[in-house]
Amino acid sequence: MLASPENPVRLVLDADLRAVAFGVALTVVVALGFGTRARASRLVREPASALKGGEDAISRRGVMNSLIAFQMALCVLVLFVAGLFVTTFQRLSNRPLGFSHERVLA
């Protein structure tokens, strides 16, 4: 809001080697963790039994339904917070700055 259209303020977000390395390391750790958990689970070792319903299909179904409900609740929460963020940003962008932004060096 302070810069003119002829001379806009540039936001520089350089991704240095540390940030990229952290992202790659985090991805590898999470992938290995979930892969190890999937290998250790009975669903991977006995897929035919799992497809037929398995030994204890009712408890697995209950866990699955509760995980789906948790994921849906989390998605609704994220959408609600995103809506609040957009509304707050729109309100703040329409408010006066409290000073004249003309002839201000950015």
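For this structure, a couple of remarks:
- Enumeration of residues in region 81-106 that are hydroxyl-bearing (Ser, Thr, Tyr) and outside any helix (DSSP H, G or I): Ser100
- Taken together, the residues in region 11-23 that are at pLDDT 75 or above and either surrounded by 10 or more Cβ atoms within 10 Å (Cβ to Cβ) or under 24 Å from Val104 (Cα atoms) (or both) amount to 5.
The values are calculated or read from the model by the stated rules, or taken from the named source; none is laboratory data. Here the structure is a predicted model, which means the values were calculated and not measured. Quick reminder, even Gly has a Cβ in these numbers, built from the backbone with ideal geometry, and neighbours come from all protein chains shown.
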